[in-house]
Amino acid sequence: MFIFFMKKMKAVAAFSGATILFFSIFPLAGCGVTDGIQETLSPTKEEKLTIPTATISADKTSPKVGGQVTLDGSGSSDPQGEQLTLAWNILEKPVGSSAALGSSTDIITTFVVDEGGYYTISLQVTNVSGDKSDIVTVKIGAVGTGDNHPPVASAGADATATAGSVAVLDGSGSYDQDENSITYRWSVLSAPATSTVTSVSSSTSIRAFLFPDVAGKYVIHLVVSDGTDTDEAFVTITAS
């Protein structure tokens, strides 16, 4: 097949004021240069695979001995949208530690701090093709048991209720900054003079239930304990 190029040529006629146009036709070679016109062929380049990104988030970076650390690799990504495989490892841990990861391949893994010192955890992510990967590390500095901090009790906000109904007592705002488990103990501190209520239902649960039987104020006492120290809080339920 030929591609034809039309070249305009100009000549001046013998008579004044007229211009005659001549055209000549030349075949263009497919890859050559003809009369100043060059054909350029640019092959399409394939986009190179880019490296995935490994990301670790830890729920604690300074846990106490005996505490559990949760590591999350869900922030890792691949620019090409390929599925990633994960490989977790403990690269460094204190002398005497037998800490082990709950899983080495799941998106989320955990381990229990059993010695004070530093734990270095790595996460390597690899794309499904297996030819690109990234690795990231996080260092967790665990502290010894040290001095115990008392828990903080919260019995919720004062509330109103109707005599003969139920009032829910909520201690879920209580916490222990050492992340020790805490226990709950609810009791009725005071009630209206004509009331026969002396206790609450589910008195050792995070939520308890008061059944006011007459109108008036009921003062409820909550004590939380971490096994070493305690804290207390009060809430008033006004029944009508």
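Tabulated values for the structure
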{"item": "Matching residues in region 173-198 - criterion: being of a type in the set (Ser, Thr, Tyr) and over 23 Å from residue 217 (Cβ atoms)", "result": "175, 181, 183"}
{"item": "Residues (over 25 Å from the mean Cα position of the chain (by Cα) and exposed (fewer than 15 other Cβ atoms within 10 Å of the Cβ)) located in region 160-176", "result": "160, 162, 163, 164, 165, 166, 168"}
{"item": "Residues that are of a type in the set (A, V, I, L, M), surrounded by fewer than 18 Cβ atoms within 10 Å (Cβ to Cβ) and touching a Gly at 6+ places or on another chain (Cβ under 6 Å), drawn from region 57-90", "result": "65"}
{"item": "Residue 164 vs. criteria outside any strand (DSSP E or B) and under 30 Å from residue 79 (Cα atoms)", "result": "no"}
{"item": "Residues within region 206-240 that are of a type in the set (Ser, Thr, Tyr), in contact with a strand residue (DSSP E or B) (Cβ under 6 Å, 6 or more places away or on another chain) and either buried (at least 17 other Cβ atoms within 10 Å of the Cβ) or outside any strand (DSSP E or B) (or both), tallied", "result": "2"}
{"item": "Counted residues, region 167-186 - those being outside any loop (DSSP other than H, G, I, E, B) and over 22 Å from residue 214 (Cβ atoms)", "result": "5"}
{"item": "Flag if residue 131 is modelled with pLDDT under 95 and not β-branched (Val, Ile, Thr)", "result": "yes"}
{"item": "Selection from region 111-138 of residues that are surrounded by fewer than 15 Cβ atoms within 10 Å (Cβ to Cβ) and either more than 12 Å from residue 90 (Cβ to Cβ) or in contact (Cβ under 8 Å) with a residue 60 or more places away in the chain (or both)", "result": "128, 129, 130, 131, 135, 137"}
{"item": "Members of region 91-100 found to be surrounded by fewer than 16 Cβ atoms within 10 Å (Cβ to Cβ) and in contact (Cβ under 8 Å) with a residue 12 or more places away in the chain, listed by number", "result": "91, 92, 94, 95, 96, 98"}
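The values are calculated or read from the model by the stated rules, or taken from the named source; none is laboratory data. These figures come from a predicted structure and were not determined experimentally. Positions of Cβ are generated from backbone atoms using ideal geometry, with glycine treated the same way; all protein chains shown enter the neighbour counts.
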